[in-house]
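Trainee: Handing you this structure, nothing more for now.
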């Protein structure tokens, strides 16, 4: 979020409307991430990636054998959706990209290079990282792994 504030200040220097649009969407993404992390912490009791990965791996194994799981199907979908919103805003993914055209066109070219080269890639990297943590359980509940008969 430090990158968000710095980027906001760079856009604000050139266009107030574009900076507010960027800031509002970034705050929405930040709150979405905070809520998702809060849900995970409430269930796992730790912020450690290793502990979270173990919990989701154990959860996927329990779901595969039909036992009760740590996270319900709805919680998995909610967590994934919240992280998708959070990192989708940073990456400029559709439909969360409405800040990007104004911010790119209204700022200095060197700032635009920073936006497209660093900031949007950070969103993609964060999304990949979270998908590596919860992807197997997500695929089991909603995807192709479920299509294989037991």
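Read the figures in this text as sums done on the coordinates, not as results from a lab. A quick note: this is a predicted structure, and the numbers were derived from the prediction, not measured. Cβ placement follows ideal geometry from the backbone for every residue including glycine, while neighbour counts extend to all protein chains displayed.
Trainee: May I ask you to sort 118, 44 by Cβ crowding, counting other Cβ atoms within 10 Å and putting the fewest first?
Mentor: 118, 44
Trainee: For each of 40, 28, count neighbouring Cβ atoms within 10 Å of the residue's Cβ, then give the residues from fewest to most.
Mentor: Ascending number of Cβ neighbours within 10 Å: 28, 40.
Trainee: With Kirkwood's inverse mean 1/r over C-alpha pairs for Rh, give me the Rg to Rh ratio of the stretch 15-140, two decimals please.
Mentor: So for the stretch 15-140, dividing Rg by the Kirkwood Rh gives 1.08.
Trainee: Nearest 0.05, what FRET efficiency do residue 24 and residue 124 give at R0 = 25 Å with Cβ-Cβ as r?
Mentor: Using R0 = 25 Å, I get an efficiency of 0.70.
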